Structure formats: C-alpha cells, structure tokens
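These notes are about the structure you will find just below.
The values are calculated or read from the model by the stated rules, or taken from the named source; none is laboratory data. In this text the structure is predicted, and so the values were computed from the model without any measurement. Don't worry about glycine lacking a Cβ; one is built from the backbone with ideal geometry, like all the others, and counts go over all protein chains shown.
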Amino acid sequence: MNVFLFYISLFFYFAATVTYLVFLFKPKEIIGRAAHWIIASGFISHCAFTVWRYIEAGHTPITNIHESLSFFSLAVVGVFIAFERKYHLFILGSFVTPLALLLILASSLYSSAIPQLSPALKSNWLFVHTSLAFLSYAIFTVAFGAAIMYLIQERFLKKKKLGPLYQKLPSLVILDEINYRCLTFGFPLLTIAIITGAIWAETAWGTYWNWDPKETWSLVTWLIYAALLHGRLTTGWRGRRAALLSIVGFLVLLFTFLGINLLPGESLHSYDRLLGGKY
Amino acid sequence: MNIIVVGLSHKTASIDIREKVAFASNRMERPLRDLVALPDISEGIIVSTCNRVEIYAATHDMAGGIARLKRFIADYHNIPLDVLEPHLYSHHGEAAIRHLFRVASSLDSMVVGEPQVLGQIKSAYGYAAEFKTSGIILNRFLHKAFSVAKRVRTETKIASSAVSVSFAAVELAKKIFGDLTDKTVMLVGAGEMCELAAKYFLNSGVRGVMVANRTFERAERLAEEFDGRAIRFEDLFDQLHKADIILSSTGATHFIIGAKDVEEVIRRRRQKPMFFIDIAVPRDIDPKVNNVDNVYLYDMDDLQQLVASNLEHRVEEARKAEGIVEEEIGRFYSWLSMLEVTPTIVALRSHFEDIRRTELTKTLANWKELPPEDRKRLEVLTQAITNKLLHTPTNLLKMTGQGGRTDLYVDAVRQLFDLETAAPEEGEIGELEE
C-alpha cells in the first residue's frame, strides 16, 4: 500500500509535468486547470504516503536519501501549489513541476526500506530541523523557477526579439515579486532550520557547530540569500541581479543537499552515518 | 436611391485639420437636421471621432450629393472649401458600402483591429435615429455594418494582437510592469505621435501624466488635456525618477538623455524598472540606455519592427476580414438594388391587374347570359394572359436588381407604362425575393 501510494504520486507528478509542458505550447485555460488538478491529486497521495510512512517508522520520514528526496519533492509541490493559486500562474508549473518530478524520480532509485535510526537522533528536533530545512529548500526551488522565467523574459525585452515564449510568460514585475516573496518566506525558514540544527547538534553530539561540510555549506547558502535580502532591502536590488543570485543560491543549496553525500570524506550529515553507525 | 460618403480621416488629414471639422457629440441635432434639409439628401448620418469625420447619406443624385456634402462640411465649420477639399475623400454606391464596412470592422483604423470605432459608429447612428435623419436605407446599411464588424471580430483574429506602434508600446509596458494602473507616464516634448501614445497609455489605466516641454505653455496645455502636470524642461532630470514610462519626441538634434543620467535616476528610484520610448527622429535617447539594468529602451525602429513582424502574422487574418467585407457588400448591394426594383415590379403588376379587372368587369356587365362556370373560365384566361405577358419583364427586372444597370430598366419600365411608385415597406422586399 505504502509503495503503491508512492508510485501513484510519481505517476501524478509525471502526468502533471507533461500537462504543464503542453500548456507551455498551448496556453489554454482548460489545460492549465487540468494540470493544476493533476498536481493537486499527486500532492494529496504524496502527503498520504508521507503520513503513512511516519506512522510505520515511528519517526519523521526524512532520514535517508530516499525519504529526503521524496520529502523535498513533496515540499516543492506544496509550495508551488500555494504560489500558483496566489498568482494564478499556470506557467510557473512548466518550470517547477519538472524539478519536483526529477526529485521524486531520484528518490525512487533508492531503497525504500524503512531505516533503523540511531537512538541519539530519535528526537522531536528531527521533525523540526529537517522539515523546516526542506520547506525552505522548496521555496528556493520555486524562486529558482521564477528566476529562470525572469531571465528568459528579460532577455526577450532587452534584445527586442520577442520569442514564442514572450506572450506566455508573465510580466517582469510579477516574476520579480515571486522571487522576493520566496526570499521573505524562505530565508527565515532556513535561518530557523540552521538554528534548530545547532541546538539539536548540541543535545545529540555535545557541540553546537562542528564545521562539518554540510554545516559549512549551509552557512554559505544562508550567506548568499542573506546578501540578496540585504541588497533588496537597502539598495533596491531587483530584477536580473536578484534572479541571478537566487539561481546561484539554489545551485549552492543543491550542492549542500546532495553534493555532500557524493563527496568523499566524513560528514555528520551523510545519510549512512545518520543511521545506526558511529553515533 | 444610392449611398454616398464624404469625409476625412487620419490617412488624409493631420490632427489640426481633423480637430477643426469635428462635430461635437452633444450638439448633433442641428447638423443632422441641416444635413437632411439639403436638396435631394433623404437620409444622413454624421460619424465624428478623433481620427475621422464622415457623413453618410442616401441620395438619388450621387455627383450632386457628394458636392453638397463637401460644401456642407466646409460651411458648417467656416473653412474655405478649397482648403478642405484636398483632405476630403468621397465614395458612392458599392465603394461607399465597402468604406463603412471596413471602417466599422476597424480595417481602416490607425490601429487596425482596435475596438473603439464600432462603438463610435453605433453612437453616431444613435443620434441619427434619435433625430430621425436615418431611414429605411441607412438603417439597414448601418445594421449590416454592425453585423459585418461582428463577423470580422468573431471569425478572424484581427482584433487580438498589437498592430500599431502605440499599441505595441502599451503591450511591452504590460510585460515589464504587469499592471499599469499605478504607473506614471512622462511626455518629453509634445509631438503628435507622443500625444497619441500617451492616450493609449491613459486608456490602459496609467495613473498620472507629466509633460516636459521647452515651451512651458505648450506643456501646460497638454498637461491640462491629460489631466496631468506640466514641468519645466530644466527640471527634467529632477523629476525623471518619478516617471515609470517615458515617451520622448523632442525636436532636438542630439541625445538629450544619456546612459549616465539614467544610471543616476534608476539608483534614485531604487532600481524600480523604467521603460523609455523614443519616438523622435533623430533620436532623443542614447541607445546605451538600454544596457542599464532594469531599464528598457525602444525607439521608433524597434517598435515598427515589432509591429511589422506582428503584421506578417496578421496578413492572413486581414485578408480573411476583407473577404468577409466583400461577401457582405454583395449581399447588401443586391438588397439596395432590389429596393429600387421591387416597387416597380409591384406597380407594374398592379397596373396590369387594374387593366384586366376593369376590362373584364366591363365585358361581363354586358354579358348577362354567360353561365357562372364560363365566367370563371374567362377570369382564368385573362389572368393567364397577364401573367404570361409579365413573366419576362418581371424576371428581367429582378435580374438587374442583382447587379447591373438597374436605373435604366426601372426608368424605362416606369415611363413605358406610366407608373407611379411609392417607397416600399421593409417587409415587401422579402416577399418578392422568394
């Protein structure tokens, strides 16, 4: 049943991605609505899957790479649906749902067996720290999608060559506003995630900050978004510069999330180490 | 009876001429009544918009009618006819019908496909109906024009895209700013094109207008027209940061706004985007301004290129629209010609019927011993004769009605049989068409 729900969600995300890409070429209201309902159905089944897994495992199901990618994907879809509803912008889906699909596809490649968590990590901090972190990641993913859209539209307007996407993309101001909204929600969440992580580290391992690669790169990510927010609030950075920075921020974020696990070397956050092992 | 039109438009006259011959919409009664009081003008409608002034009329005397309408416009506005004459165009018959159909379908507009003109013609027709200066012909003509416009709008995509420079500028602004309602437009210089573009921006809901001009009085006058604010030309760079959209059309021979100026202004605006539209030839704004972040600069060439590429896409739609117009002209013209022919046919038939009845009554009155069944035979016989006699002339008249030399035949028949014809009612035409 559990696995079944996961693949149902994956199927919905796939169908929604296809529909949103069709919408890109044929921007009919009805296609957009269809895509919206498909992704919403996927979101519901994915939520059900996550809750089911929580009950089955007895702890927050964000402990190995399979679960993390799955939760990341779920959060991206949730945040996207909220933004789509707020801005009535189906086309945002053409840029964001493929990312959610990639995440859930990646998740499906890893074993879905329920891992045994080391006793030290079984705490409420697991829920708070990981879910906030992935929520902020998801918000920055939507910001990344909007930033790509911004750069495309800005290029059309600057080069005065209005390509086929020009009519379908929204105005620069709207795209910039989405970018700003994402920053004002995502940045505080990321901040809290880092702080709760530090507190949790103190209770689990005895120190707030270990200069573990994951921690270092999280700090780099945080600094990039902090700089962007600072620039926006003080000198009115916006538009192209803001879009470029949020793309850089997202790439660093991806590295923080995935790269650390691929890099050789020791990290407290490596998933195999999270489970059982050393601590 | 025929339809004529005399008028001028943005294609033949500049704004200062058009302004002089405009008819105020709140004072339509007098010109309309004067119009139909002219000799041999039986119906009339006056269409007066900022882009065109046209008078449509029904008359028997096309050449004389056109001359009278020309004089009427000149006299009404106290302009010597020889000054006005070069700007006036006139059409009659099929060409006049085509003209109104094209105007109503927005094929003749400055911005092809813009929807306003139809409403303006509808209100012009409203005045004519109110003061009873339009009758059977113009009523039918105008209603036909409305339905043609509707067909063009629903069956082609002509109305759905930017096809003019001003319109293109507004569309671009929407892609930069999204909503235009809280935006401010600044006019630098006061050229005609600038004014027109400003009007488009106002129609799209921009909040405020600022006008900067070398002669302050002209700036004030324009500002008043747009309900905006005039600023002195020396203060241009002090005020520039308050404008989101800048329309420039000064007569300057060098760039008056450079990249350095704009960099400073955009910093002052905290990077809020700006859209510069340089309508002037030679240009007012340094092209390097486009390289400044969050600033977009389009000059006349850029806009025209956009419009041209847009037009290429629309050529097919325009051709379709012209096709619809031609089709409907055919239908309306045959109705109009039938309008001439029908009363003649009716009169001809009743003339024959009168003769038959008179003669038959006379004969039967003196032929008392004829049995009733034979009387009936006689009745049938005489009817058959008149019907046979009338068959060819009736058909011929109907055929000329569908195009051809209607007047010639109608006049000949009327004179040959000494017919008096009254104007038909709307319903009669339909009956005969079967």
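Data overview
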{"read-out": "B:F233 being surrounded by fewer than 22 Cβ atoms within 10 Å (Cβ to Cβ) and more than 28 Å from B:Q116 (Cβ to Cβ)", "value": "yes"}
{"read-out": "Evaluation of A:T184 against (1) surrounded by fewer than 19 Cβ atoms within 10 Å (Cβ to Cβ); (2) more than 22 Å from B:K272 (Cβ to Cβ) (one fails), failing number", "value": "(2)"}
{"read-out": "Matching residues, segment A:228-259, being within 14 Å of A:N179 (Cβ to Cβ), away from every other protein chain (no Cβ under 14 Å) and of a type outside the set (G, A, S)", "value": "A:L229, A:I247, A:V248, A:F250"}
{"read-out": "Selection status of A:T221, more than 12 Å from chain B (Cβ to nearest Cβ) and surrounded by 21 or more Cβ atoms within 10 Å (Cβ to Cβ)", "value": "yes"}
{"read-out": "Test for A:A57: is it of a type in the set (A, V, I, L, M, F, W, C) and at pLDDT 95 or above", "value": "no"}
{"read-out": "Subset of segment B:165-175 (residues that are touching a residue at least 24 places away in the same chain (Cβ under 8 Å) and within 12 Å of another protein chain (Cβ to nearest Cβ))", "value": "B:A168, B:L172, B:A173, B:K174"}
{"read-out": "Selection status of B:L240, within 27 Å of B:S14 (Cα to Cα) and modelled with pLDDT of 85 or more", "value": "no"}
{"read-out": "Any hit, segment B:309-328, residues being in a loop (DSSP other than H, G, I, E, B) and either touching a helix residue (DSSP H, G or I) at 6+ places or on another chain (Cβ under 6 Å) or within 14 Å of chain A (Cβ to nearest Cβ) (or both)", "value": "no"}
{"read-out": "Count - residues of segment A:127-174 that are hydrophobic (A, V, I, L, M, F, W, C), surrounded by 19 or more Cβ atoms within 10 Å (Cβ to Cβ) and more than 9 Å from chain B (Cβ to nearest Cβ)", "value": "13"}
{"read-out": "Filter pass, B:S90 being among the polar types (S, T, N, Q) and touching a residue at least 60 places away in the same chain (Cβ under 8 Å)", "value": "yes"}
{"read-out": "Options B:E426, B:E353, B:E328: the member that is modelled with pLDDT of 90 or more and either under 30 Å from B:T154 (Cβ atoms) or assigned by TED's automatic domain parsing to the domain that holds B:S109 (or both)", "value": "B:E328"}
{"read-out": "Criterion (of a type in the set (V, I, T), without any contact (Cβ under 8 Å) to a residue 12 or more places away in the chain and in the same structural domain as A:F255 (by TED's automatic domain parsing)) met by exactly one of A:T216, A:T203, A:T196", "value": "A:T216"}
{"read-out": "Test: residue in segment B:176-185 that is touching a residue at least 24 places away in the same chain (Cβ under 8 Å) and away from chain A (no Cβ under 14 Å)", "value": "yes"}
{"read-out": "Near pairs, Cβ below 7 angstrom, 6+ apart or cross-chain, from segment B:345-357 (within 21 Å of B:D411 (Cβ to Cβ)) to any residue that is of a type in the set (S, T, N, Q) and assigned to a helix (DSSP H, G or I)", "value": "B:I345/B:T394; B:F352/B:T386"}
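Quick grid of which residues meet (1) touching a Ser or Thr at 6+ places or on another chain (Cβ under 6 Å); (2) of a type in the set (F, W, Y); (3) assigned to a helix (DSSP H, G or I); (4) farther than 26 Å from A:T221 by Cβ:
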| residue | (1), (2), (3), (4) |
| --- | --- |
| A:F80 | no, yes, yes, no |
| A:R85 | no, no, yes, yes |
| A:L92 | no, no, yes, no |
| A:L103 | yes, no, yes, no |
| A:S107 | yes, no, yes, no |
| A:S112 | no, no, no, yes |
| A:L151 | no, no, yes, no |
| A:G163 | no, no, no, yes |
| A:P170 | no, no, no, yes |
